[in-house]
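The values are calculated or read from the model by the stated rules, or taken from the named source; none is laboratory data. As the structure is a prediction and not an experimental result, all values here were calculated from the model. FYI the Cβ positions are ideal-geometry reconstructions off the backbone, even for glycines, and counts take in every protein chain you see. These area figures cover heavy atoms from the full protein model, side chains too; ligands, DNA and RNA do not enter into them. Shrake-Rupley method; radii C 1.70, N 1.55, O 1.52, S 1.80 Å.
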Amino acid sequence: MKTLLRIIFAFVVLSAFSGCIEDGIDNSPSAQPEFSVDTLRLGVVFTDQPTPTSRFMVYNRHDKIISISNISLRNPDGAFRINVDGFSGSTFSNVEIRPNDSIYVFVEATLPANGVPSLTDLNEMIDFTTNGVTRSVVINASGQDVERMRGVIVESDMRLDAAYPYQVFDSLVVAPGATLTIPEGVTLHFHDKAFMRVEGTLITHGTPERPVNMAGDRTGNVVADISFDLMASQWEGVVFAPESRGNSLSHTVIRNTVSGVVADSLSQVTMLNCRLRNSAGYSLVGRYADIALTGCEVAEAADGVMALVGGKARIANCTFANYYLFAALRGAGVQLYHLNADNDVESGMPYMDADFTNCIFYGNGTDFYPSDLTGSAVTVRRSLLKSNGSDDANFVDCIWGEDPLYFTVRSDYYFDYRLQPESPARNVGYAAFVPADGDRDFYGVERGAMPHLGAYQAEKTE
């Protein structure tokens, strides 16, 4: 008898729940879903290849189930594809969302070639019909035609064209004896694991108005407000092979790398008003190389922004700043090795000969290693350091323990190393030590008779 009563009770309870679920669908025209976006922007995407997947959410903010009678792409044969709550297609019927619950809609696209260098804007609509009312979410993408490079070896002198951006798969190698020239306004987008190796010579002619850009090929945002521009490890980086000579980079931005820029044994590299940023390792490494940096920003790297092992370095009006977002910092911002017998790495190579003038060393973590340069041929002259040190024969007329007051706000994912009006690094540099080719900064602003320390003379404008 007790068993029979339990069966009857369970049947009654199940019937009651079934009745609640069936009767719980809200058929009122006012019962409408809400969307996490009005317009889902895929950003700039390359034509003729699938985009990364983006998504938005559809919410039921009501106390009863809502049934979306139809979800459909307005142009089902177009460039866009959708997946609703785990199912792919172009039309979906009777999609239910429980009270105070939500579903995902995933979107991807393959945009057709534009046939022109400029961006082509493309919109699509996803229509949601619920209780006789249709509401829509706009999908927007800007298609960019690119010239694709796959395993290219430059064996004779070559000059790139600025008409289209380039997308580099696998590798771009400049062979010994060859020169690759990259004119102003050229952008190279490197695919995952792609790299550039310079065994001959690389020359870039970026300008303040039209810099040369080398970056990963992911566009838009990773999540929320975090842009792929801030993400490291999207491609391997640039290596100047041993004995590569005559390399000259001007107004060139290199970012999103695994290993940054590496100048290997006895290579020669000159950089003017360049930006090296966002690396999972170092942004710049020199190994017994001949390096000249003027007006450069070297920033955001997990291992430290720059490491020099032996070699020769002439560095003026540069900003070394580390506010890397995605890992704990593993070393000082600037690291110098093979300086003297106390710092010998047992390579048998000559010790470092380096000069830093009008620079800034400031960011999270330690700014400079080693802190004692006694007995080395390294001089840091008229520079601002985060450390609370004091001048000696190697640190000359420096500003110690001061904040340069960048405009950077790390918590807002905003990185701008120009100087605020109250900065102690403004108008205190040595004009006599500014190299002739560095009389203007990345923005084209003249440094003048009272130059700022660091890379930037320009004022920040809204």
Could you please tell me which pairs satisfy a Cβ distance under 6 Å, a separation of 6+ or placement on different chains, a first residue in region 247-266 that is free of Cβ contacts under 8 Å to residues at least 60 places away in the same chain and closer than 14 Å to residue 216 by Cα, and a second residue that is among the hydroxyl-bearing types (Ser, Thr, Tyr) and open to solvent by less than 20 Å² (accessible area, probe 1.4 Å)? 257/279; 260/279; 260/283
Return the residue satisfying two criteria in turn: it lies in region 272-300 and is among the small types (Gly, Ala, Ser) and assigned to a loop (DSSP other than H, G, I, E, B), and of such residues it is farthest from residue 240 (Cα to Cα). 295
Taking the stated definitions as given, is residue 327 surrounded by fewer than 23 Cβ atoms within 10 Å (Cβ to Cβ), on the phi < 0 side of the Ramachandran plot, without any contact (Cβ under 8 Å) to a residue 60 or more places away in the chain and not in a strand (DSSP E or B)? yes
Filtering region 72-83 down to residues that are farther than 16 Å from residue 135 by Cα and surrounded by 18 or more Cβ atoms within 10 Å (Cβ to Cβ) yields 79, 80, 81, 82
Would you confirm whether any residue within region 312-323 is surrounded by 20 or more Cβ atoms within 10 Å (Cβ to Cβ), of a type outside the set (A, V, I, L, M, F, W, C) and within 17 Å of residue 264 (Cβ to Cβ)? no
When region 370-413 is checked residue by residue, the ones that are touching a residue at least 40 places away in the same chain (Cβ under 8 Å) and assigned to a strand (DSSP E or B) are 378, 381, 384, 399, 406
Just need a number here: residues in region 407-447 that are within 20 Å of residue 249 (Cβ to Cβ) and of a type in the set (D, E, K, R). 5
Given the options 93, 69, 28, 88, name the one that is assigned to a strand (DSSP E or B), open to solvent by 30 Å² or more (accessible area, probe 1.4 Å), farther than 30 Å from residue 147 by Cα and in contact (Cβ under 8 Å) with a residue 60 or more places away in the chain. 69
All positions within region 330-371 that are charged (D, E, K, R) and crowded, with 21+ Cβ neighbours inside 10 Å: 367
When every residue in region 275-299 that is open to solvent by less than 10 Å² (accessible area, probe 1.4 Å) and touching a residue at least 60 places away in the same chain (Cβ under 8 Å) is compared, the one nearest to residue 453 (Cα to Cα) is 295
